[in-house]
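Structure first, commentary second.
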Ligand code: GLN
């Protein structure tokens, strides 16, 4: 029964959580109560789903792993939560992340460091590191995360689970704390592609509260599962097999691609010529949008408020000084810089133009292929602390995931094997990228590979 499931989950979480530390908080009593009345005839009836701490769940804390929101309680459910509940699921717990989803290792959380379940001296990836680690450590069957530049796919790859970034417009962001609004999407983590498809069925759809959510006919995202790869045209972008990536990761990904070919897929070499600009363009557009989105944290409306302010300006300045961590401040400074008069044309406007070129690269590719296959991350999970003092190196962790957000297309990371390192097995992820709104086919291809 769903109540038994919660009891089993509690046992598992209490056993592994001291090592993994994926959850910022969890409430078994509330989950048990919800389980008592769960309707198991519904698609996700009684299934507990872990929630990244950036998505509002009524009555629970929602901090985006920032001190800025310590003590904040959500007054409402995000649309994805309303939809999960309607499908019978039980939103469960708050999962750790990089502060305001800025990072690739979950080390930017103001509260705790989450560990990779395969080797607890290593990072789980980020920014949705808690969401990935909780699934990989078998603490919950599935979770929700958010992906602005790779934050679902990269931690899924490093933790060895499946992570899906839906196309821009597929899922409502109402109730998601905004990072970069032209890039953010909510998506699922699970152990299989099929489970991700079931979660997408639950959360997708038009929402009048998010004007970017698209009004499309209801689709069953499991409809193309269970097929094979015969005749499927898979594009291999030559720009995604670069010097500097881990040779063992590359070998695993190449082996997976050969398996796709052996299973009947037709491999097509393609070029996405503007790939080399993706990271630069992203860090202009994402920081610009973040600087605007984070202006609302002023010490008045939400969460943290500086003690005994001298005047209004002192209240703003000290609340933000004390509330935001250093990576968030770095992004705000970069973002306000690229938007400032005199630099706007040189950086922000130019980045928008190159973004269009990146999107067109994909459109041209999808004239020739059904999906693109490439690595998710250039590296294995790295040791905790290795890159914290080198932001540029950290930014390169998303080199293979960022372009999909800039183009608005959908992408999924599935496990494709392990590499041994220091006596531990570390997972490698294979990424499939689909045309915008082509999730059903993307999931079909990923499922066929799996
Ligand atoms: N790592 C990227 C960043 O720090 C992407 C984060 C994300 O997708 N939320 O911005």
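Taken together, the values in this text are just the output of simple stated rules run on the coordinates, not laboratory data. Quantities reported herein were computed from a predicted structural model and do not represent experimental measurements. We place every Cβ from the backbone using ideal geometry, glycine too, and count neighbours over all the protein chains shown.
In nm, to one decimal, how far is the modelled label at residue 74 from the one at residue 314, with both set 7 Å along Cα→Cβ?
My value for the distance between the label points is 3.6 nm.
With a bin width of 10 angstrom, please list the P(r) values of the range 32-132 as percents of all Cα-Cα pairs, from the 0 bin to the one holding the largest distance.
Per 10 Å bin, starting at zero, the Cα-Cα P(r) for the range 32-132 comes out as 18, 39, 31, 12, 0 percent.
Restricting to Cα pairs below 8 Å that are 6+ residues apart, what does the relative contact order work out to for the range 76-134? Please round to a whole percent.
Computed over the range 76-134, the figure is 29 percent.
Could you state the per residue volume, in Å³, of the convex hull enclosing the Cα atoms of the range 2-203?
Hull volume normalised by residue count: 98 Å³.
Using alpha-carbon pairs under 8 Å, 6+ residues apart, how would you state the relative contact order of the range 2-203 in percent?
21 percent
Consider a paramagnetic label point 7 Å from the Cα of residue 238 along Cα→Cβ; state which residues of the range 265-306 have an amide N under 17 Å from it.
The answer is 267-277.
Please give the contour-minus-distance gain from residue 389 to residue 357: 0.36 nm per residue of separation, less the Cα-Cα distance, rounded to one decimal in nm.
Going from the current span to full extension adds 8.3 nm.
Among 395, 344, what is the fewest-to-most ranking by other Cβ atoms within 10 Å?
Exposure proxy ranking, most exposed first: 344, 395.
Please give the contour-minus-distance gain from residue 138 to residue 112: 0.36 nm per residue of separation, less the Cα-Cα distance, rounded to one decimal in nm.
7.4 nm
Using the alpha-carbon centroid of each, what span in Å lies between the range 359-403 and the range 409-450?
If you average the Cα positions of each part, the centres end up 13 Å apart.
Fewest Cβ neighbours within 10 Å first, please rank 260, 196 accordingly.
Least crowded to most crowded, the residues run 260, 196.
Counting pairs of alpha carbon atoms under 8 Å apart in space and at least six apart in sequence, what relative contact order in percent does the chain give?
Relative contact order comes out at 19 percent.
Top mean-square fluctuation among 351, 295, 156, Gaussian network model of the chain, C-alpha springs under 10 Å?
295
Identify which of 54, 140, 268 has the largest mean-square fluctuation in a Gaussian network model of the chain, with springs joining Cα atoms closer than 10 Å.
268
Where does each of 311, 398, 379 land when they are ranked from fewest to most other beta-carbon atoms within 10 angstrom?
Going from sparsest to densest Cβ surroundings: 311, 379, 398.
For the chain, what is the percent of antiparallel DSSP beta bridges, rounded to the nearest 5?
Expressed as a percentage, antiparallel bridges in the chain total about 70.
Report the residue, chosen from 356, 275, 79, that carries the largest GNM mean-square fluctuation when the chain is represented by alpha-carbon nodes joined by springs under 10 Å.
356
How many angstrom lie between the C-alpha centres of the range 280-310 and the range 98-157?
Going from one Cα centre to the other spans 23 Å.
Please give the calculated 222 nm ellipticity per residue for the chain, where each DSSP H segment of at least 4 residues contributes -39500 (n - 2.57) and the sum is spread over every residue; nearest 500 deg cm²/dmol?
Counting only the DSSP helices, I get -11000 deg cm²/dmol.
For a Förster distance of 35 Å, can you work out the FRET efficiency between the beta-carbons of residue 296 and residue 42, rounded to the nearest 0.05?
For R0 = 35 Å, the calculated efficiency reads 0.50.
Could you list the square roots of 5 times each eigenvalue of the Cα gyration tensor of the chain, that is, the equivalent ellipsoid semi-axes, sorted largest first and rounded to whole Å?
31, 27, 21
Report the antiparallel proportion of the DSSP beta bridges in the range 2-203 as a percent, rounded to a multiple of 5.
Approximately 60 percent, going by the DSSP bridge assignments.
Which FRET efficiency value, to the nearest 0.05, do you get for residue 418 and residue 220 by plugging their Cβ-Cβ distance into 1/(1 + (r/R0)^6) with R0 = 35 Å?
With a Förster radius of 35 Å, E is 0.60.
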